[in-house]
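The values are calculated or read from the model by the stated rules, or taken from the named source; none is laboratory data. This is a predicted model, so every value here is computed, not measured. Ligands, DNA and RNA are stripped out before the accessible areas are found, and what is left, the full protein with its side chains, is counted by its heavy atoms. Shrake-Rupley method; radii C 1.70, N 1.55, O 1.52, S 1.80 Å.
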Amino acid sequence: MGIRLPSLLLNAKRAVKMHTASSSNRCGVPKGHIAVYVGDVERKRFVVPIAYLNHPSFSALLNSAEEEFGFKHPTGGLTIPCREDVFINLTSRLQSC
């Protein structure tokens, strides 16, 4: 009786990939993206590419979030304290770059 190790590993890899894909879909954030909450009073959730984090304009928003909230964000996720229209304007400009 022989063990078919290659097929066993292949099935395990498939199971891990399926689990990873289903868990990322469950929270609604695709791979390579991050969820942020934007707004002064009422917060709205946005999903943005991680690449935006390196842009100087987006970094300025992250610095203001750090100054206001530190590492304790009220929504449990990354909260950016700016108006929603300002955030949409910024992400639109970043998307066109």
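Quick check on the range 38-97: of everything there that is open to solvent by less than 90 Å² (accessible area, probe 1.4 Å) and charged (D, E, K, R), which residue is nearest to Gly28 (Cα to Cα)?
Checked the range 38-97; the qualifying residue nearest to Gly28 (Cα to Cα) is Arg43.
One residue is enough: does the range 11-24 have a residue meeting the conditions open to solvent by less than 50 Å² (accessible area, probe 1.4 Å), assigned to a helix (DSSP H, G or I) and modelled with pLDDT of 85 or more?
Looking for residues that are open to solvent by less than 50 Å² (accessible area, probe 1.4 Å), assigned to a helix (DSSP H, G or I) and modelled with pLDDT of 85 or more, one finds none in the range 11-24, hence no.
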